[in-house]
1. Test each condition in (1) modelled with pLDDT of 95 or more; (2) of a type outside the set (Phe, Trp, Tyr); (3) touching a Ser or Thr at 6+ places or on another chain (Cβ under 8 Å) for Met1 and report the one that comes out false.
2. Could you check His9 against (1) part of a loop (DSSP other than H, G, I, E, B); (2) within 15 Å of Gly121 (Cα to Cα) and say which number it fails?
3. Which members of segment 11-43 meet the condition of being under 30 Å from Lys113 (Cβ atoms) and either surrounded by fewer than 14 Cβ atoms within 10 Å (Cβ to Cβ) or of a type in the set (Lys, Arg) (or both)?
4. Would you confirm, using the coordinates I've provided, whether Trp71 is in a helix (DSSP H, G or I), closer than 18 Å to His49 by Cβ and within 11 Å of the chain's Cα centre (by Cα)?
5. With Phe47, Phe37, Phe115 as the choices, which residue is at pLDDT 95 or above and within 15 Å of Lys7 (Cα to Cα)?
6. Does at least one position in segment 105-121 carry a residue that is outside any strand (DSSP E or B), within 22 Å of Gln14 (Cβ to Cβ) and out of contact with any helix residue (DSSP H, G or I) (no Cβ under 8 Å at 6 or more places or on another chain)?
7. Can you go through Glu60, Glu40, Glu88, Glu72 and tell me which one is in contact (Cβ under 8 Å) with a residue 12 or more places away in the chain and touching a Ser or Thr at 6+ places or on another chain (Cβ under 6 Å)?
8. Can you go through Ile126, Ile111, Ile102, Ile54 and tell me which one is under 21 Å from Asn24 (Cα atoms), surrounded by 14 or more Cβ atoms within 10 Å (Cβ to Cβ) and touching a residue at least 24 places away in the same chain (Cβ under 8 Å)?
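The values are calculated or read from the model by the stated rules, or taken from the named source; none is laboratory data. Keep in mind that this is a model prediction, so the values were computed, not measured. Ideal geometry is used to build each Cβ from the backbone, glycine not excepted, and the neighbour counts take in all protein chains shown.
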Amino acid sequence: MKDTITKEHQYQAQISDVWNAITNAKEISDWFIKADFKPEIGYAYTFTHEDTVISGKVLEVDPVHNLVYTWEVGGTGVETTVKWQLLENEEGTLVKLIHSGISNYKTQEMITKMFTGFSNGWDSCIINLDKYLKEARHA
């Protein structure tokens, strides 16, 4: 069953820079989508892209290492979970992103559609974050 998407990427950036890029509303808005976000447990955030609003609540915050929040695409009424794990290493920061709960969608057709859409979206996210971090280092 298509329930969990896992993406890993090695960034040549300090863990604090990656953390800021995924938790600071201005930075998220610069490389991802317009964000109202704070890395505070219980914070009700929104990400907005054109007519799509993604909302949720921050569940876990372990600065520079782990961030977990719920993820609900507006109008679906279905909650999934996104987890970011950051690990500092010799090359910079290894990021593991886990998006789970996709099987919460009501039909197999919707599960497949959302799984594919989320997977492709996270691939783009990883590329955009990499570009953003490289540009920030050379700014």
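1. (1)
2. So the condition that His9 fails would be (1).
3. Scanning segment 11-43 gives a single hit, Lys34.
4. no
5. So the residue among Phe47, Phe37, Phe115 that is at pLDDT 95 or above and within 15 Å of Lys7 (Cα to Cα) is Phe115.
6. Scanning segment 105-121 turns up no residue that is outside any strand (DSSP E or B), within 22 Å of Gln14 (Cβ to Cβ) and out of contact with any helix residue (DSSP H, G or I) (no Cβ under 8 Å at 6 or more places or on another chain).
7. Step by step, each of Glu60, Glu40, Glu88, Glu72 is checked, and only Glu72 is in contact (Cβ under 8 Å) with a residue 12 or more places away in the chain and touching a Ser or Thr at 6+ places or on another chain (Cβ under 6 Å).
8. Matching residue, one of Ile126, Ile111, Ile102, Ile54: Ile126.
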